[in-house]
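Worksheet: the structure to be examined is printed underneath.
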Amino acid sequence: MTNKERFIRTLKCEKIGGQVPTFELVFFLTMEAFGRVHFSQRHYSQWNQMSRTEQKLHIKDMADLYIQTAKRYGHSAIFVQPDVLPDPDRLEVTQQLLEEIREQSGDEYFLMLHGDPTWAIPDGSHVMDFSIRMYEDPEGLNEESKRRLDSMLRTAAKLDQNGHLVDGFGLCSDYCLNANPFFPEELFGELVQPYLKEVISEYRKMGYYSIKHTDGNIMPILRQIADCQPDAIHSLDPQGGVSLRKVREIVGDKICLVGNVNCGLLQTGTDEECDADVMRSLREGMMDGKGYIFATSNCAYTGMPLARYERMIELWRKYGSYDNMNQQ
């Protein structure tokens, strides 16, 4: 099987045998790993002044870096970030990047984009106004949600018309802090869940898969998220008290689980603590013999020691196989 085929079968919670798939939402450590600046740190303010030849070279280089990262660390999926381009709304540029990745790698990897129209925790400059609106203007927020949903679905349809360039969407609106969800349960059910459910349903009709991401303590709203029937839930954050075993009990065996390696320990823990947490994640994630994708509880973010991430991958290569689970 290709990496993409293994990833899809895992999203479907089918048994695959062999190595558990892995990927990261973002791998920011490209300078240390490859000596190449990560997309988020590049500046494209003069994109429109570039010749078409120079634009093509940038796209080719970005595609190559995505693929080299996937190859080195065994990732089965590539999460393409259109926000690394000069204008995220220029779908034609994103399409060119997706086409270039396919050109260089064939159909080896599962490709995905951002695709979440639902409300997320607002930033500090907007949190007060948004909090007031949740109680005083829920109708206005829902009208905005409908527009955002429509825009996202039109984008997905356009991608589908142009050759189904992606396999799925990462739904990356964060709902939770470490202590609890930002949205009270009843407001989550009113302002978020209906649109999350609809976007997942509409993506599925188009043939796309959906991976719902949110950090923090998702437990109070986990049942509501699961009822939307995403193909997978990421990142199962242990810093928010999220247990793989408990999540599996709540969501059942039809939703894939992704993540759970403690990023805080990878950042500041001892080598022994990191190794133990990686092994715990593998053991708990693989216990059903299916439906688990190995990953950090966030991403390989700037400041995380590369050696720690590479040690995590080394342990995954050695112990992350269903064929030798008794070695753990």
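Checking E144 against (1) over 22 Å from I225 (Cα atoms); (2) of a type in the set (D, E); (3) open to solvent by less than 80 Å² (accessible area, probe 1.4 Å), which test does it fail?
All conditions are met except number (1).
Name every residue in the stretch 281-328 that is open to solvent by 50 Å² or more (accessible area, probe 1.4 Å) and assigned to a helix (DSSP H, G or I), in order of residue number.
R283, A307, E310, R311, E314, R317, K318, D323, M325, N326, Q327
How many residues does the stretch 109-118 hold that are open to solvent by 30 Å² or more (accessible area, probe 1.4 Å) and modelled with pLDDT of 95 or more?
So the count comes out to 0.
For the stretch 60-80, does any single residue satisfy the condition of being of a type in the set (G, A, S) and loosely packed, with under 15 Cβ neighbours inside 10 Å?
No, the stretch 60-80 has no match at all.
Looking at (1) in a helix (DSSP H, G or I); (2) under 30 Å from E190 (Cβ atoms); (3) modelled with pLDDT under 95, find the lone condition where Q55 falls short.
So the condition that Q55 fails would be (2).
For (1) small (G, A, S); (2) within 17 Å of the chain's Cα centre (by Cα), each residue gets a yes or a no:
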residue: L29; (1), (2): no, yes
residue: S40; (1), (2): yes, yes
residue: L57; (1), (2): no, no
residue: L97; (1), (2): no, no
residue: L113; (1), (2): no, yes
residue: A120; (1), (2): yes, yes
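Given (1) outside any helix (DSSP H, G or I); (2) out of contact with any Leu (no Cβ under 7 Å at 6 or more places or on another chain); (3) hydrophobic (A, V, I, L, M, F, W, C); (4) modelled with pLDDT under 95, identify the lone condition not met by L165.
With respect to (1) outside any helix (DSSP H, G or I); (2) out of contact with any Leu (no Cβ under 7 Å at 6 or more places or on another chain); (3) hydrophobic (A, V, I, L, M, F, W, C); (4) modelled with pLDDT under 95, L165 is out only on (2).
Take the residues in the stretch 164-187 that are buried (at least 20 other Cβ atoms within 10 Å of the Cβ) and more than 18 Å from the chain's Cα centre (by Cα); name whichever of them is farthest from D215 (Cα to Cα).
Here the answer is F183.
Would you tally the residues in the stretch 121-141 being in contact (Cβ under 8 Å) with a residue 40 or more places away in the chain and surrounded by 15 or more Cβ atoms within 10 Å (Cβ to Cβ)?
3
From the residues in the stretch 188-238 that are assigned to a helix (DSSP H, G or I) and touching a residue at least 60 places away in the same chain (Cβ under 8 Å), which one is most open to solvent (accessible area, probe 1.4 Å)?
For the stretch 188-238, the residue satisfying everything is Y195.
Just to check your reading of the model, which residue among F34, F27 is within 23 Å of E108 (Cα to Cα), aromatic (F, W, Y) and open to solvent by 30 Å² or more (accessible area, probe 1.4 Å)?
F34
Residues in the stretch 90-108: is at least one modelled with pLDDT under 90, part of a loop (DSSP other than H, G, I, E, B), over 29 Å from T10 (Cα atoms) and touching a helix residue (DSSP H, G or I) at 6+ places or on another chain (Cβ under 9 Å)?
Within the stretch 90-108 (the criterion being modelled with pLDDT under 90, part of a loop (DSSP other than H, G, I, E, B), over 29 Å from T10 (Cα atoms) and touching a helix residue (DSSP H, G or I) at 6+ places or on another chain (Cβ under 9 Å)), the answer is yes, since at least one residue qualifies.
The values are calculated or read from the model by the stated rules, or taken from the named source; none is laboratory data. Treat the numbers as computed from the prediction; the structure is a model and nothing was measured. Here Cβ is always computed from backbone atoms with ideal geometry, including for glycine, and neighbour counts include all displayed protein chains. For accessibility, only protein heavy atoms count, side chains too; no ligands or nucleic acids. Shrake-Rupley method; radii C 1.70, N 1.55, O 1.52, S 1.80 Å.
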